[in-house]
Amino acid sequence: MVSVVIFPFSFLIFLIWILSLCFLVMKPCDFPQIKNGRLHNEERYRPYFPVPVGKRFHYLCNSGFVTASRRYWGFIHCTARGWRPAVPCVRQCVFHKVENGESPYRQIPYSQGESAKVKCYPGYSLPNGQDTVTCTENGWSPQLKCIRVIDKVGPWKCGPPPPIDNGDITSFPLPIYAPSSSVEYQCKYLYQLQGNKKITCRNGEWSEPPKCLHPCVISEEIMERHNITLRWIENQKLYIKSGDYAEFQCKSGYRQTNTRPPLRTLCIDGHIDFPSCSIYMINSKDE
């Protein structure tokens, strides 16, 4: 007589789970498709795929993308559930320059999915009307740009006057300026102001600010290289403003062999074409 053993239903479920787990453990990993990155020496390792669970490979992220630890390379592991990390490379966004808004003094990196606060100038706002931007796979959303909006209490006002290199406004800066307000700029010592020193707030925007042109430096080392000296001044170092002329002469025993650039030359925004002189050789015919 044949006896039949009947297993409980719960035991059968447990057995199926064990078998499926074993199948997962045994399932190898195919060649990984790394979005925004690649396997290191991928052509070398490609013939060895699929690979068993437990293998790991070195991978690199494309420019602008990093690993979860914010590095440009990492390791990808073959597990029973596939490749891990599932998203090896994520976008890295840099929070630095905010158009028409306050910008940080240094570049701040953010990873994909992270958000940053943005402070727009008065009269400006982000396109979505919010005060945050989010780092996405395609970069900042919305972009780091504040757009002009209408002031609900009246005409457009202006934020702080735009900064200029090597210069500043002559009055204490205010956070908000009423329409038709004006401010004046001045340059640092020896820098030459170019343009209108006064700007005006119109329709929420400032008129074009001036520029501060660099002075030219005339040093003894530079003149020594060109075999020249200053004609009227005996200083070893001289600064002249942009738009002013400097006049040179050849050192004793030297002569200018080319009239370009001339001995009298113009300083233009920190640049000056120095003339050169060569040693004067006296021919026997001249004696």
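Some values worked out for this structure:
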read-out: First in the stretch 165-192 and in contact (Cβ under 8 Å) with a residue 24 or more places away in the chain, second anywhere and exposed (fewer than 11 other Cβ atoms within 10 Å of the Cβ) and of a type in the set (Gly, Ala, Ser), Cβ under 9 Å, 6 or more apart; value: Pro179/Gly154
read-out: Test: residue in the stretch 107-114 that is aliphatic (A, V, I, L, M), more than 30 Å from Cys146 (Cα to Cα) and touching a strand residue (DSSP E or B) at 6+ places or on another chain (Cβ under 6 Å); value: no
read-out: Checklist (1) within 30 Å of Gly195 (Cβ to Cβ); (2) modelled with pLDDT of 85 or more applied to Lys157, failing item; value: (2)
read-out: Residues being aliphatic (A, V, I, L, M) and either exposed (fewer than 13 other Cβ atoms within 10 Å of the Cβ) or at pLDDT below 85 (or both) - total across the stretch 22-44; value: 3
read-out: Neighbours by Cβ (under 6 Å, 6+ apart or cross-chain): first from the stretch 100-111, part of a loop (DSSP other than H, G, I, E, B); second surrounded by 16 or more Cβ atoms within 10 Å (Cβ to Cβ); value: Asn100/Tyr121; Asn100/Tyr124; Asn100/Cys146
read-out: Close pairs (8 angstrom Cβ cut-off, 6 or more residues apart or separate chains): touching a residue at least 60 places away in the same chain (Cβ under 8 Å) in the stretch 200-216, part of a strand (DSSP E or B) anywhere; value: Gly204/Arg148; Gly204/Cys158
read-out: Residues that are in a loop (DSSP other than H, G, I, E, B), within 20 Å of Gly101 (Cβ to Cβ) and not β-branched (Val, Ile, Thr), drawn from the stretch 166-180; value: Pro173, Leu174, Pro175
read-out: Subset of the stretch 115-131 that is in a strand (DSSP E or B) and surrounded by 13 or more Cβ atoms within 10 Å (Cβ to Cβ) - its residue that is nearest to the chain's Cα centre (by Cα); value: Ala116
read-out: Hits in the stretch 189-242 (condition: in a loop (DSSP other than H, G, I, E, B) and aromatic (Phe, Trp, Tyr)); value: Tyr189, Tyr191, Trp232
read-out: Count - residues of the stretch 244-263 that are surrounded by 12 or more Cβ atoms within 10 Å (Cβ to Cβ) and under 22 Å from Gln192 (Cβ atoms); value: 6
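The values are calculated or read from the model by the stated rules, or taken from the named source; none is laboratory data. Keep in mind that this is a model prediction, so the values were computed, not measured. Please note: Cβ atoms are built from the backbone with ideal geometry, for glycine as well, and neighbour counts cover all protein chains shown.
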